[in-house]
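Please read the structure below before turning to the comments.
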Amino acid sequence: MKNIFNILSFVVLSFSAIFGQQSIEIPHNYNNQFLRNPAATGLWEDLEVSAFYTKAFTNIDNAPTTFFGAVQYPVPGQNAAFGVSLISEKASLLSTISLAGTFAYKLRGLLSNDDFLSMGIGMNLNYLGFDGSKAIVVDGNEPNLVGSESGFGINFQMGVLYSSSDNINKRGSDDFIYQIGTGLARVSRSVNIRSRYSFQEQTHLNGLLSIIYSTDASLIIRSYLEALYETSGQLNLTLGGRASLGESVILGGSFDSHLALGIEIGYRLKTFGDGYSTVVANFNIPFGQVSDFVNPGLGLSFHHSFDLNGGW
């Protein structure tokens, strides 16, 4: 089994040097997989705080923007973890806000002393807004494009994830860590916008295979293959890699089935206690059809990890 894992890690890490992971919604999502799979909440036993912002490159008004803030809290001395996230997306006349809470519980010691199987559930409160007053129309009396409409809906998510270890970049950690998981989100529910419109959310099925190589803090290589399928029939495959060099420089790349090449560069800095922060900029170079992909422009992400055992 160990030889199989080593061969698999070599193949994935070799491909990640050429390609990379790039999700349309959140590029290079290495620290907040729980947004798609609640079982990934609190994987590393650290209190984690994250934020991300991106705006598309375009010369039109109200260009697409995405923002999220997230917190993951593993209960000290327990096998449980909680997560909270707020995601805001705007594009033209539409805007959505999703407030989500997740819970994960770990079953430990399945195949080794450090591995675990995490099971997670989550709930989302979703807001959808439509501002017809900003539309440019030929007929000013068009009733469907006048004023603002909004609605709320509740949705759910669930998932499982196996990891060979939860100990990364610490004393006694394994050189290779393997993770595989799947999550189901947005279980096909409607958001009612007063009496005029109805919005049906698309169910998302997410699959993840991740391999992490880390001898010490001076070199950490993360690589993973991710699949995101929507019930509308859309499937996006992504392959990604990120390297943290010398405990400071972060370099990464991505490529997905929409032929979008993503590049990221960032910096990791030690703060106080045993915590650390990372600041990363990323952008995409689309090679596919314009109708299939919208360049999300420049994205900026921030992540801070508090070691609960070593203090804040």
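A compact table of results
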{"item": "Wholly within segment 139-210, strands (runs of 3 or more DSSP E) carrying at least 2 residues that are at pLDDT below 85", "result": "148-163, 190-193, 197-200"}
{"item": "Cβ pairs under 6 Å, 6+ apart, first in segment 26-41 and open to solvent by less than 10 Å² (accessible area, probe 1.4 Å), second assigned to a loop (DSSP other than H, G, I, E, B)", "result": "ASN29/SER23; PHE34/THR41"}
{"item": "Conditions (1) of a type in the set (D, E, K, R); (2) modelled with pLDDT of 90 or more; (3) closer than 23 Å to GLY153 by Cβ: number failed by ASP115", "result": "(3)"}
{"item": "Selected residue (criterion: modelled with the highest pLDDT) from residues of segment 211-220 that are over 19 Å from ASP46 (Cα atoms) and among the β-branched types (Val, Ile, Thr)", "result": "ILE211"}
{"item": "Meets criteria (more than 14 Å from the chain's Cα centre (by Cα), assigned to a strand (DSSP E or B) and either modelled with pLDDT of 90 or more or more than 30 Å from ASN155 (Cβ to Cβ) (or both)) for ALA227", "result": "no"}
{"item": "Residue list for segment 75-107, filter: modelled with pLDDT under 95, in contact with a Leu (Cβ under 9 Å, 6 or more places away or on another chain) and assigned to a strand (DSSP E or B)", "result": "ILE87, LEU94, SER95, THR96, ILE97, SER98"}
{"item": "Residue check, GLY132 farther than 30 Å from SER218 by Cα, at pLDDT below 85, in contact with a helix residue (DSSP H, G or I) (Cβ under 6 Å, 6 or more places away or on another chain) and open to solvent by less than 30 Å² (accessible area, probe 1.4 Å)", "result": "yes"}
{"item": "In segment 230-248, the residues that are closer than 30 Å to THR215 by Cα and touching a Leu at 6+ places or on another chain (Cβ under 6 Å)", "result": "LEU239, ALA243"}
{"item": "Residue list for segment 59-98, filter: open to solvent by 70 Å² or more (accessible area, probe 1.4 Å) and under 19 Å from LEU161 (Cα atoms)", "result": "TYR73, GLN78, PHE82, VAL84"}
{"item": "Pairs, first under 9 Å from SER163 (Cβ atoms) and polar (S, T, N, Q) in segment 114-132, second at pLDDT 85 or above and surrounded by fewer than 16 Cβ atoms within 10 Å (Cβ to Cβ), C-beta under 8 Å, six or more apart", "result": "SER118/LEU107"}
{"item": "Matching residues in segment 280-312 - criterion: being over 18 Å from SER254 (Cβ atoms), in a strand (DSSP E or B) and modelled with pLDDT of 75 or more", "result": "PHE302, HIS304, SER305, PHE306, ASP307"}
{"item": "Output for segment 246-279, where each listed residue is modelled with pLDDT under 90 and out of contact with any strand residue (DSSP E or B) (no Cβ under 6 Å at 6 or more places or on another chain)", "result": "GLY246, GLU247, HIS258, LEU259, PHE272"}
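The values are calculated or read from the model by the stated rules, or taken from the named source; none is laboratory data. This one's a predicted model, so the numbers in the text were calculated from it and none came from an experiment. A quick note on method: Cβ atoms are made from the backbone with ideal geometry, for glycine too, and the neighbour counts reach across all protein chains shown. These area figures cover heavy atoms from the full protein model, side chains too; ligands, DNA and RNA do not enter into them. Shrake-Rupley method; radii C 1.70, N 1.55, O 1.52, S 1.80 Å.
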